[in-house]
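Working notes, beginning with the structure itself.
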Amino acid sequence: MIPVTGLLLAAGAGRRFGRPKALVELDGEPLVRRALRVLRDGGCSPLVVVLGAAADEVAPLVPEDVTAVVADGWAEGMGASLRAGLDALTGDAALVHLVDLPGVTATAVARLVAAVDGPHTLARAAYGGRPGHPVLFGRAHWTGVRAAAAGDEGARRYLATHPARLVECGDVATPDDADTPERLARFRGA
């Protein structure tokens with residue numbers, strides 16, 4: 001089995017939320033720790049987390065065995081975070097996850113990890129047949145993804161021209177983000 005690095009993007013300021021979502025707690029656990037736990041429990045190793053806004057506050061929440069990198073241009077948007085994360089990767093495959101998706105489960109991550117078949121792998125979670133996150137990129141895609149990552153779009157433009165295999169996860173996860181306190185409240189106790 002090919003090792004899959006778990007790459008967590010957690011650099012945003014959480015403008016709509018009112019503070020960086022990496023620091024927000026759900027059922028007593030900061031979202032950054034929750035997302036890293038889901039990646040680890042789903043079979044990703046090693047783990048890399050990209051920090052930005054409030055990096056000094058988030059860094060102490062990151063387990064010692066996780067590599068933390070700071071995206072200096074984090075305020076630009078997800079593109080800068082994704083580029084910083086890709087620059088820190090080694091290996092042949094990476095599963096990119098977002099810190100504000102508490103409905104993504106370790107089972108969903110494990111399904112994507114099982115989809116790796118080499119450095120040309122390109123797959124993403126699907127929910128009822130609709131593509132979502134996380135996204136699995138084999139090494140052969142990293143340069144193209146990095147070049148396309150700009151503003152707050154991350155890999156959207158790259159994925160629009162490079163169709164990914166869809167891995168259905170709608171039976172074990174939800175794709176909803178937690179962009180506001182009200183949206184996060186839906187996940188309490190889940």
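The values are calculated or read from the model by the stated rules, or taken from the named source; none is laboratory data. Computed from a predicted model, the values in this text were never measured in an experiment. So basically every Cβ, Gly included, is an ideal-geometry build from the backbone, and we count neighbours across all protein chains shown. The protein model used for the area step is the full one, side chains on, heavy atoms only, and it has no ligands, DNA or RNA in it. Shrake-Rupley method; radii C 1.70, N 1.55, O 1.52, S 1.80 Å.
Can you tell me which residue among Ala35, Ala13 is small (Gly, Ala, Ser), over 19 Å from Arg83 (Cα atoms) and either in contact (Cβ under 8 Å) with a residue 60 or more places away in the chain or outside any strand (DSSP E or B) (or both)?
Ala35
For the stretch 110-143, give me each residue that is small (Gly, Ala, Ser), out of contact with any Lys or Arg (no Cβ under 8 Å at 6 or more places or on another chain) and at pLDDT 95 or above.
Correct list: Ala110, Ala114, Ala126, Gly128, Gly129, Gly138, Ala140.
Restricting attention to the stretch 134-159, which residues are among the aliphatic types (A, V, I, L, M) and open to solvent by less than 10 Å² (accessible area, probe 1.4 Å)?
Val135, Leu136, Val145, Ala149
Consider Val113 against the criteria (1) touching a residue at least 24 places away in the same chain (Cβ under 8 Å); (2) over 13 Å from Val96 (Cα atoms): it satisfies all of them except one. Which criterion is unmet?
Of the numbered conditions (1) touching a residue at least 24 places away in the same chain (Cβ under 8 Å); (2) over 13 Å from Val96 (Cα atoms), the odd one out for Val113 is (2).
Which pairs do you get when a residue that is crowded, with 24+ Cβ neighbours inside 10 Å, found in the stretch 49-62, comes within reach of a residue that is among the hydroxyl-bearing types (Ser, Thr, Tyr), reach meaning Cβ atoms under 6 angstrom, with the pair 6+ apart or on two chains?
Correct list of pairs: Val50/Ser81.
Results for (1) of a type in the set (Asp, Glu); (2) closer than 20 Å to Thr5 by Cα; (3) part of a loop (DSSP other than H, G, I, E, B), shown as yes or no for each residue.
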position	(1), (2), (3)
Val135	no, yes, no
Asp152	yes, no, yes
Arg157	no, no, no
Gly170	no, no, yes
Pro175	no, no, yes
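Report, by residue number, each residue of the stretch 1-47 that is closer than 13 Å to Leu184 by Cα, open to solvent by 70 Å² or more (accessible area, probe 1.4 Å) and either within 14 Å of the chain's Cα centre (by Cα) or among the polar types (S, T, N, Q) (or both).
none
Go through the stretch 10-19 and count every residue that is over 11 Å from Leu61 (Cβ atoms) and at pLDDT 95 or above.
Total meeting the criteria: 1.
Arg19 - would you say it is touching a residue at least 24 places away in the same chain (Cβ under 8 Å) and under 20 Å from Leu112 (Cα atoms)?
no
Would you mind finding the one in Thr105, Thr67 that is under 13 Å from the mean Cα position of the chain (by Cα) and among the hydroxyl-bearing types (Ser, Thr, Tyr)?
Thr105
Being within 20 Å of Asp176 (Cβ to Cβ) and modelled with pLDDT of 95 or more narrows it down to one residue among Leu26, Leu47, Leu39; which is it?
One residue alone meets the criteria, Leu39.
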